[in-house]
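The values are calculated or read from the model by the stated rules, or taken from the named source; none is laboratory data. A quick note: this is a predicted structure, and the numbers were derived from the prediction, not measured. Every residue, glycine among them, receives a Cβ derived from its backbone with ideal geometry; neighbour counts consider all protein chains shown. Side chains are part of the model used for accessible areas, which takes the heavy atoms of the whole protein and leaves out ligands, DNA and RNA. Shrake-Rupley method; radii C 1.70, N 1.55, O 1.52, S 1.80 Å.
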Amino acid sequence: MTVSESITYKEIKSQPKVWKKVIDQCPDKIESFVNHLKQENYDEIIFVGCGTSYYLAQSLAFIYSEKLKVRAFAVPASEILFHDNAYLLGTAKKLFHLISRSGDTSEIVSAAKKLKAKNYTVSAVTCRSASSLAEAADLTIAINEADEESVVMTRSFTSMFITMVYAAEQLAGAVTIDKQIVEAVSNIIDVYEERVMKLINNNTIETFVFLGSGSLYGVANEAMLKMKEMTISNSEVFHPFEYRHGPMSLVSEKVLVTLFTSIDASQEELQLLKEMKGLNGKTLVIKSGDKDLSDFNTDLTVQVNGLTNEQVGLIGLVLVQLMGCYIAEHKGLNLDKPRNLTQVVKL
Ligand code: F1P
């Protein structure tokens, strides 16, 4: 199957159009969620998900902590099912925000029912309003226009991300998400899709390493998962500075190290990437800004100006999704039938 024939590829390329719709509808879609948080004044927000949705929970927990100054953290749904005593501690007023593209993943539905039975408030974001999660939750943000046929999650992740960050920014009093991110992602796809394809075709990459800190750790985790799901490749993720503490022993010309650069530590993170280049690693940097980075001698540099760190991370993830398509084609894999996977995990 060629890349352009696959549904997965078409849905990845549809993101500029879908993001525009999602952003236009955000104010209405998030209104009851935002009002609820204003009224209830929670001490803690626990983001819950499985697979890709768990990695979205990781980024959102960081962003809600940072923007709303509320204690927020992420847990996989199975932890709520089998180890809840560790998460339901203390008297803090808790909101559980459950994330699921399908809304029918068994662990997330069971977690919703268990939390409700313990009288916790459960909110949710999903791409299917007619789902068991939407039925079980007290309030749901449903963005059906971002739903997809592909087994792997692509535009559903990015659209749920945009919607939930929009809500956090509205609660914090300054929304930065607007059509600029739509224009930027279109431009980046136009300019870099071919360069990403060349990077893959001109090198024999066997291992993919993704580095991301703060709100970008969840995004880097999702990039790692995309490489596993779409291309059956060795793929790993680390907080950037953790990579020196052992894992860099694997760096070679067959390893591509991709950095989702944080604004707060960009110089130090780029210095680390330069060291990996010194160890013959291949390097790809995704960064907000427009500085000259030639000193860091990367194999590919993707910079976007005028957007937040998270927004640039999301655009970088779209490039990783496209990279997954070209590697799958290179390996003769069927993008729309990823090995051993189903669109919804039902136990
Ligand atoms: C979560 C998920 C996906 C994965 C696969 C199976 O689904 O783990 O992340 O790619 O499709 O399901 P959901 O709960 O978000 O629907």
What pairs can you find where one residue is in segment 74-86 and under 12 Å from Lys114 (Cα atoms), the other is in a helix (DSSP H, G or I), and their Cβ atoms are less than 6 Å apart, with a gap of 6+ or different chains? Ala77/Glu107; Ala77/Ile108; Ala77/Ala111; Ser78/Glu107; Ile80/Ala111; Leu81/Ser110; Leu81/Ala111
So, in segment 82-109, exactly how many residues are within 14 Å of the ligand (Cβ to nearest atom) and either in a helix (DSSP H, G or I) or over 20 Å from Asn221 (Cβ atoms) (or both)? 6
Restricting to segment 285-330, what's the tally of residues that are within 24 Å of Asp178 (Cα to Cα), at pLDDT below 95 and among the acidic types (Asp, Glu)? 1
Looking only at residues in segment 169-209 that are in contact with a helix residue (DSSP H, G or I) (Cβ under 9 Å, 6 or more places away or on another chain), of a type in the set (S, T, N, Q) and farther than 26 Å from Asp24 by Cα, which one is least open to solvent (accessible area, probe 1.4 Å)? Thr207
Among the basic types (Lys, Arg), in contact with an Asp or Glu (Cβ under 6 Å, 6 or more places away or on another chain), open to solvent by 30 Å² or more (accessible area, probe 1.4 Å) and modelled with pLDDT of 95 or more, is that true of Lys282? yes
For segment 239-268, give me the residue count where each residue is in a loop (DSSP other than H, G, I, E, B) and of a type outside the set (S, T, N, Q). 9
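Do we find that Ala117 is of a type in the set (A, V, I, L, M), in the same structural domain as Ile46 (by TED's automatic domain parsing) and farther than 27 Å from Lys10 by Cα in this structure?
Numbers: of a type in the set (A, V, I, L, M): yes; in the same structural domain as Ile46 (by TED's automatic domain parsing): yes; farther than 27 Å from Lys10 by Cα: yes.
Answer is yes for this residue.
Let's see how each residue does on (1) open to solvent by 70 Å² or more (accessible area, probe 1.4 Å); (2) on the phi > 0 side of the Ramachandran plot; (3) not assigned by TED's automatic domain parsing to the domain that holds Asn234:
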position: Thr261; (1), (2), (3): no, no, no
position: Gly278; (1), (2), (3): no, no, no
position: Gly306; (1), (2), (3): no, yes, no
position: Asp336; (1), (2), (3): no, no, yes
position: Thr342; (1), (2), (3): yes, no, yes
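This table checks each residue for (1) within 16 Å of the ligand (Cβ to nearest atom); (2) in contact with an Asp or Glu (Cβ under 6 Å, 6 or more places away or on another chain); (3) without any contact (Cβ under 8 Å) to a residue 40 or more places away in the chain; (4) open to solvent by less than 30 Å² (accessible area, probe 1.4 Å).
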{"position": "Ile23", "(1), (2), (3), (4)": "no, no, no, yes"}
{"position": "Phe33", "(1), (2), (3), (4)": "no, no, no, yes"}
{"position": "His36", "(1), (2), (3), (4)": "no, no, no, no"}
{"position": "Gln39", "(1), (2), (3), (4)": "no, no, yes, no"}
{"position": "Ile45", "(1), (2), (3), (4)": "no, no, no, yes"}
{"position": "Ser53", "(1), (2), (3), (4)": "yes, no, no, yes"}
{"position": "Ser59", "(1), (2), (3), (4)": "yes, no, no, yes"}
Looking only at segment 320-337, which residues are in contact with a Lys or Arg (Cβ under 9 Å, 6 or more places away or on another chain) and either within 14 Å of the ligand (Cβ to nearest atom) or assigned to a helix (DSSP H, G or I) (or both)? Val320, Gln321, Leu322, Met323, Gly324
Given the criterion of a type outside the set (Ser, Thr, Tyr), buried (at least 24 other Cβ atoms within 10 Å of the Cβ) and outside the structural domain of Val285 (by TED's automatic domain parsing), identify the matching residue among Met230, Met160. Met160
